[in-house]
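Notes to accompany the following structure.
All of the numbers you see were taken from the coordinates with simple rules; none came from a lab. On a predicted model such as this, the values are computed, not experimentally measured, just so you know. For neighbour counting, all protein chains shown are included, and Cβ atoms are generated from backbone atoms with ideal geometry for every residue, glycine included.
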Amino acid sequence: MRAVVVDGPGGPEVLRVREIPTPEVRDGWALVRVEGFGLNRSELMTRQGLSPNVRFPRVLGIECVGVVVDSVRLAPGTTVAAVMGEMGREFDGGYAEYALLPEDLLIPVETDLPWDVFAALPETYLTAWGSLATFGATSPGQSLLVRGGTSSVGMAMLSLARERGLVTIATTRNREKVAALEKAGASHVVVDGGDIAAGVRALCPEGPDYVLDLIGAPTVADSLRLAARGGTVCVTGMLSGEWSIPDFQPTAVIPSGTKLTAFQSNDIQGKSGGEALQAIVDGVARGVYQPNLDRVFRLDEIVEAHTYMENNQATGKVVVRNA
């Protein structure tokens with residue numbers, strides 16, 4: 001089979017498509033024919049050697065969609081998705097024509113969506129879905145600030161929040177992406193020129209009820225200052241590439257009554273994400289949610305695909321198809 005193998009950390013050029021043996025099925029694992037997979041920032045960081053538990057060579061890919069070929073638990077021909085569970089880190093992931101995956105990681109899905117559209121959904125929408133759940137019971141008319149709005153998770157959150165009746169504010173550093181954010185569901189867009197406070201306060205004088213921070217460590221303190229008193233900030237992404245906040249002092253940084261939380265994608269892997277993913281897929285099929293598919297590459301274009309993602313050219317999800 002063909003697979004994208006990384007022999008050691010580096011730039012996009014270390015991603016090499018080569019022929020390797022198709023994995024043999026073993027107890028508790030299923031062989032899946034991969035039809036497509038989405039690209040994720042965490043894979044970029046793994047490729048750069050920033051995932052400490054990863055040993056090379058490795059086939060990357062923390063998600064994929066496809067069809068079961070051989071499994072004890074699932075019938076051959078079953079359409080499935082898989083996300084996280086150390087895919088592409090502790091064992092080979094979805095950047096291949098076939099993937100050997102733990103059966104407990106597979107999510108059966110009924111859908112007639114095209115493979116490229118389906119491939120754009122699992123990790124992105126499940127992460128947004130789980131992040132939204134951290135805010136608790138939301139009400140129509142409440143406000144949500146999405147920092148890093150043109151990321152795939154940001155755009156998925158805008159779609160989910162619009163369906164719930166939330167007033168959304170999305171940020172972007174690129175004025176040319178404003179229209180795409182509005183199409184995805186943003187009620188308002190603030191162009192981030194280094195300080196978004198004035199733009200956000202003009203729309204929400206008391207601050208937004210909720211903040212989804214996809215930038216990560218460098219903006220968390222600012223997000224806490226922007227949120228309404230008693231509001232919630234959820235840190236889900238690390239678009240900045242920075243993992244930690246130096247000299248973080250909770251009592252100084254977190255305003256009284258404001259809540260700081262986080263969401264990790266491992267919480268929606270396997271069976272725990274099944275009901276949500278089916279609802280998402282059905283919602284996209286009905287036109288309730290936007291797939292936010294930016295561009296589709298072929299497997300042998302993986303270097304170009306990673307370069308495109310790394311250069312922040314995408315507005316939404318980048319997908320690779322096996323076809």
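Select from the range 4-63 those GluC sites (Glu not before Pro) which occupy a DSSP coil region and have at most 10 other Cβ atoms within 10 Å, ordered by residue number. Passing both the DSSP loop test and the Cβ count: GLU24. Each Cα pair under 8 Å and six or more residues apart adds its separation to the average, and for the chain the resulting relative contact order is 19 percent. Compared with the alpha-carbon gap, the fully stretched path from ALA221 to SER272 is longer by 15.2 nm at 0.36 nm per residue.
When TYR308, TYR95, TYR210 are arranged by Cβ crowding within 10 Å, least crowded first, meaning fewest neighbours, the order is TYR308, TYR210, TYR95.
Remark: the chain carries a charge dipole of roughly 640 debye about the Cα centre, counting +1 on each Lys and Arg Cβ and -1 on each Asp and Glu Cβ. Under 13 Å from a label point set 7 Å out along the Cα-to-Cβ vector of ARG286, the amide N atoms of the range 149-180 belong to 163-164. In terms of other Cβ atoms within 10 Å, THR258, THR251, THR219 run from fewest to most in the order THR251, THR258, THR219.
Computed 3J(HN,Hα) for the range 199-205, one whole-Hz value per residue from the Karplus formula 6.51 cos²θ - 1.76 cosθ + 1.60 where θ = phi - 60°, is x, 6, 5, 5, 8, 10, x, glycine and proline marked x. Using just its DSSP H runs of length 4 or more, each adding -39500 (n - 2.57), the chain gives a mean residue ellipticity at 222 nm of -7000 deg cm²/dmol after division by all residues.
For the range 1-84, applying the loop criterion from DSSP together with a ceiling of 10 other beta carbons within 10 Å to the trypsin sites (Lys or Arg not before Pro) yields ARG26, ARG55. Relative to one another, the C-alpha centroids of the range 197-247 and the range 131-158 are positioned 12 Å apart.
Sorted fewest first by neighbouring Cβ atoms within 10 angstrom, MET87, MET238, MET45, MET157 come out as MET45, MET238, MET87, MET157.
Report the extension gain between ASP300 and PHE91 in nm, rounded to one decimal, defined as 0.36 nm multiplied by the number of residues separating them, less their alpha carbon distance.
Working it through step by step, the gained length comes to 73.1 nm.
At full extension, ALA202 and ARG18 could sit 60.9 nm farther apart than now, given 0.36 nm per residue minus the alpha carbon distance. Here is the result for the range 259-323: no trypsin sites (Lys or Arg not before Pro) lie in DSSP coil with at most 14 other C-beta atoms within 10 angstrom of their C-beta. Both radii are taken from the alpha-carbon atoms of the range 126-264; with Rh as the Kirkwood radius, Rg/Rh is 0.92.
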